[in-house]
Amino acid sequence: MNWESQLQKPLSPKDGTAGIERPRALAEQISEDPNPLLTLSNRHVVSARQFDRDTLTQLFRLAAQYESTPALMHLPLQGKILISAFYEPSTRTRLSFESAWHRLGGDIMSITDPKSTGMAKGESLADIAEMFNNYGDVIVLRNNQNDSVYEMLDALRIPIVNAGNGIDEHPTQAMADLYTIFKWHPNLLDTSLAEAERIRIGIIGVPGRMRTVRSLLILLSKFASAISEVVIISDEDQPFSEGQETELLAAGLSIRVARSLNTELPALDVVYINAIAWVGDSFEAMGSELRLSQRSPLKPDAIILHPLARGEELSTDLDNTPHNWYFAQARGAVFIRMALLTCIVRRISEVMDTP
Amino acid sequence: MNWESQLQKPLSPKDGTAGIERPRALAEQISEDPNPLLTLSNRHVVSARQFDRDTLTQLFRLAAQYESTPALMHLPLQGKILISAFYEPSTRTRLSFESAWHRLGGDIMSITDPKSTGMAKGESLADIAEMFNNYGDVIVLRNNQNDSVYEMLDALRIPIVNAGNGIDEHPTQAMADLYTIFKWHPNLLDTSLAEAERIRIGIIGVPGRMRTVRSLLILLSKFASAISEVVIISDEDQPFSEGQETELLAAGLSIRVARSLNTELPALDVVYINAIAWVGDSFEAMGSELRLSQRSPLKPDAIILHPLARGEELSTDLDNTPHNWYFAQARGAVFIRMALLTCIVRRISEVMDTP
Amino acid sequence: MNWESQLQKPLSPKDGTAGIERPRALAEQISEDPNPLLTLSNRHVVSARQFDRDTLTQLFRLAAQYESTPALMHLPLQGKILISAFYEPSTRTRLSFESAWHRLGGDIMSITDPKSTGMAKGESLADIAEMFNNYGDVIVLRNNQNDSVYEMLDALRIPIVNAGNGIDEHPTQAMADLYTIFKWHPNLLDTSLAEAERIRIGIIGVPGRMRTVRSLLILLSKFASAISEVVIISDEDQPFSEGQETELLAAGLSIRVARSLNTELPALDVVYINAIAWVGDSFEAMGSELRLSQRSPLKPDAIILHPLARGEELSTDLDNTPHNWYFAQARGAVFIRMALLTCIVRRISEVMDTP
């Protein structure tokens, strides 16, 4: 049997994207500056809008250090408690945050069964926030209502991190997306790139109803100097929510909508694809035209990103190709969350020299 | 938007009840004596009846030290494992115990889904107890059957803490209630108070069917010298269970039943209110007459306690008034549980000088 | 009341099987040799077939050291993360593994609600494996499909431990079974036992459809020199799966099938009994003839093993007799898992001198 031989050999990393060379190169590209990170101390993280370019760049640097230098981790969060509150179930994002927190030495209390909670019994979000104040040091919240995280802010005295609120935002996922792009090409952080050196990014999805895409576009607009164009590939006539396109254009992002995936693919350097878009309480899969596989006309050196879990829109026949950066993206998400959580809990001085 | 300004400002404690002055004053009021606490080593905590005045007072002192001196915590429970077994789901009480345990440095294994357990498959309580013996150092159990915790005692070789058993008892909640009262007025611990200095406590609820009230009344009877009267405010003709009133009177508590909340309120120093009373497997909310709001005729310096979560019986318009001690009560519950758990696990010598 | 007196007295171990004398005697019987354990570094544990006699013997020795010398535990797994993935719910096995991991100093992320996971949403096992690679250091998996653990192997870069896959195997339970037998009589490890010194083992169950029995028989075949005969006691005509009996006979195990429990009992030294056998997605309890109680014609010094939880097949009237080694078996399971996990995570050098 096949598995018997597999059990004979020791395990080892499968590909270069899980190695330490790329994060090390990214860390070396960025000059260390603790000041932007110090502003994150004891602050909520709700929207991608809260972050400026300098802060994001320093977060990428710290994440890259965590990823390339495991010995950096002196358990800076020892004695700190994370409340991991997933009122909308999600194994993947929950484990990513919890792994980040544990690797920093902290303890965790998880809420994974919405039906067993006060929220199910009609307790107000303000009362739940007040409860969390007493029991933990940071909250990570996922909820299927756009407003829930905002409604808790007034009552909170400990920071909250938005891990997905309805169809609104998912800012740490977007940070992981950008962290992956800059690990792929650290020079994209250069603010004086010639037009020819900039990248064209395709996003297969509906910006108006996909929280990952919404947050990603906001963060991309902070790095407009690296991007020649963002192409939204969608089979909807109006893929944006109200005001969304205007905001992105005002921020300097060149953005265009297209319908035909295969027409655009040959010119895209980064292809971001997502599984589903929410319509009310239900969701719809992407149309069957909007799928990627080895047969897709990808540029030879294009990379594919996907927040996972995937459906039929992303064929597994791409997994063993150099286009596969979605696994590296999932891996990197742990390190960017480590960087962010370290800053929020005011332990940045334990991993960096601070003024 | 309102939340955008909230995201700009750093978080800070909102009110004095979360500060360290009051617990420090309480700790200074009590002479340190480790001996009563040493008797708790490796003991079950099932009923409020098990505790005498001296032991409770020393627990309040240790809790106040934990609350006012975070540096006191040298992680005395490192390497110890809590089995957090909530066969009746409860986010609030579970997180309170788990936060207490984590803050002392211990690890936790949680049971939050009753349907996935052996108990659901018909395994006996004795076999479950035997299982717990092998896997943990302390059990915290919540169960909707009065008898369950008692049925496990014979098989247990590790201590168990009753976190609510049906309509019977919830002793650590009652400890948190009294801890709050003594933080409010430490001088109530004085055993030679004149009648005029004693307080009148109103309890809105049904002592016969509310486990929090049952345990609270037992603990109040240990501090009868501080209390001029306990007034049970209920719309039931017979709010006590069999023998309950007799036991409390015999313990020296002056106790009286009343029907009209607003008639009693002007003379009450402490008003304890609870949400629901159990009737068999169902529950009933308190009558609509038995509600508190800013319009209630409260004494200006009266405090309100509530074990939370709340329903309509306690208006949120009281949250920002000096009557609100229910949030301080929830916060203090973590520290009293830390004190109790430290003693049970025989680690009191790590936080106090012991003979 | 009975429980009031129970609350007065401090807790203490109830019987000798929970003491340290027997594991100490077992550890002293075995010469320390780290080499077989070093081969387990970073390896999957899927089947009992993977283990040879020397490796098992050294695991028993290390488990016995853990059980008899609590001070041995220098938290060798500090900073390591276990993904405890119980897609088939099981409180007992989950807590046993989690307790083992915590006692070694590691952190844990649990999946206890299959309905909230990607697997429920149709995510592939390969994608789940890839996710686990990023978030943890070891996976413990229970799943009700035989094939699931095998299907994850190709994608995994971190080790996985099979904690029960359908009706196929449960290798660590079998290790706990043998560890118990050798604690009972360490001399059974002697390879030159005379026939009269060997033991006769009865297994009440269906080897073809009970994963615990399947793994146990494989491990017993590695210690055939200690066994005069294994008697399978079953009311089925063909209790084996295809090829199972042939494999065991080829490995040197003397094996026989019998129908009448009470006819065999007087000649059995070890009686292993299990609760249920799986038939498709359902299960069947053992026949009413196949039950043990104080009335059963057991040899005076026979021991009973049961993987627990039990049903009616094992009477509680045996609990306080010397036949009861099933509680010691459950206790020992924690220590054998500690030994195995230490080796897999390559931390054996922290608890043994290694070359």
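The values are calculated or read from the model by the stated rules, or taken from the named source; none is laboratory data. This one's a predicted model, so the numbers in the text were calculated from it and none came from an experiment. All Cβ positions, even for glycine, are placed from backbone atoms using ideal geometry, and neighbour counts span all protein chains on display.
Things worth noting here:
- Screening B:76, B:70 for residues that are away from chain C (no Cβ under 14 Å), surrounded by fewer than 21 Cβ atoms within 10 Å (Cβ to Cβ) and in contact with a Lys or Arg (Cβ under 8 Å, 6 or more places away or on another chain) leaves exactly one candidate, B:76.
- Qualifying residue in region C:174-185 (condition: modelled with pLDDT of 95 or more, surrounded by fewer than 24 Cβ atoms within 10 Å (Cβ to Cβ), more than 21 Å from residue C:337 (Cβ to Cβ) and more than 14 Å from every other protein chain (Cβ to nearest Cβ)): yes
- Taking each residue of region B:207-235 that is over 24 Å from residue B:146 (Cα atoms) and looking for partners that are surrounded by 22 or more Cβ atoms within 10 Å (Cβ to Cβ) and of a type outside the set (A, V, I, L, M) with beta-carbon atoms closer than 7 Å, six or more apart or interchain, yields B:231/B:202; B:233/B:202.
- The requirement of being surrounded by fewer than 21 Cβ atoms within 10 Å (Cβ to Cβ) and touching a strand residue (DSSP E or B) at 6+ places or on another chain (Cβ under 7 Å) is not satisfied by residue B:287.
- Residue count for region C:230-260, restricted to those that are surrounded by 16 or more Cβ atoms within 10 Å (Cβ to Cβ) and in a strand (DSSP E or B): 6.
- Residue in region A:80-97 that is more than 8 Å from every other protein chain (Cβ to nearest Cβ) and without any contact (Cβ under 8 Å) to a residue 24 or more places away in the chain present: no
- Residue check, residue A:167 buried (at least 20 other Cβ atoms within 10 Å of the Cβ), more than 24 Å from residue A:24 (Cβ to Cβ), modelled with pLDDT under 95 and among the β-branched types (Val, Ile, Thr): yes
- Residue A:313 acidic (Asp, Glu) and within 14 Å of chain C (Cβ to nearest Cβ): yes
- Test: residue in region C:104-113 that is away from chain A (no Cβ under 14 Å) and either in contact with a helix residue (DSSP H, G or I) (Cβ under 6 Å, 6 or more places away or on another chain) or within 26 Å of residue C:66 (Cβ to Cβ) (or both): yes
- Within region A:286-313, being of a type in the set (A, V, I, L, M, F, W, C) and part of a loop (DSSP other than H, G, I, E, B) holds for A:286, A:290, A:298, A:302, A:308, A:309.
- Count - residues of region C:52-71 that are assigned to a loop (DSSP other than H, G, I, E, B) and at pLDDT 95 or above: 1
- Candidates B:342, B:321, B:263, filtered to the one that is more than 14 Å from every other protein chain (Cβ to nearest Cβ), part of a loop (DSSP other than H, G, I, E, B) and polar (S, T, N, Q): B:321
- In region A:292-321, the residues that are at pLDDT below 95 reach residues that are among the basic types (Lys, Arg) and part of a loop (DSSP other than H, G, I, E, B) with C-beta atoms within less than 7 angstrom, at least six apart or across chains, in these pairs: A:309/C:121; A:312/A:291; A:313/A:291.
- Residue in region B:138-157 that is among the hydroxyl-bearing types (Ser, Thr, Tyr) and more than 10 Å from chain C (Cβ to nearest Cβ) present: yes
Condition check ((1) touching a Lys or Arg at 6+ places or on another chain (Cβ under 8 Å); (2) within 29 Å of residue A:97 (Cα to Cα); (3) touching a residue at least 12 places away in the same chain (Cβ under 8 Å); (4) basic (Lys, Arg)) across all residues:
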| residue | (1), (2), (3), (4) |
| --- | --- |
| A:148 | no, yes, yes, no |
| A:167 | yes, yes, yes, no |
| A:182 | no, yes, yes, no |
| A:193 | no, no, yes, no |
| A:198 | no, no, yes, yes |
| A:252 | no, no, yes, no |
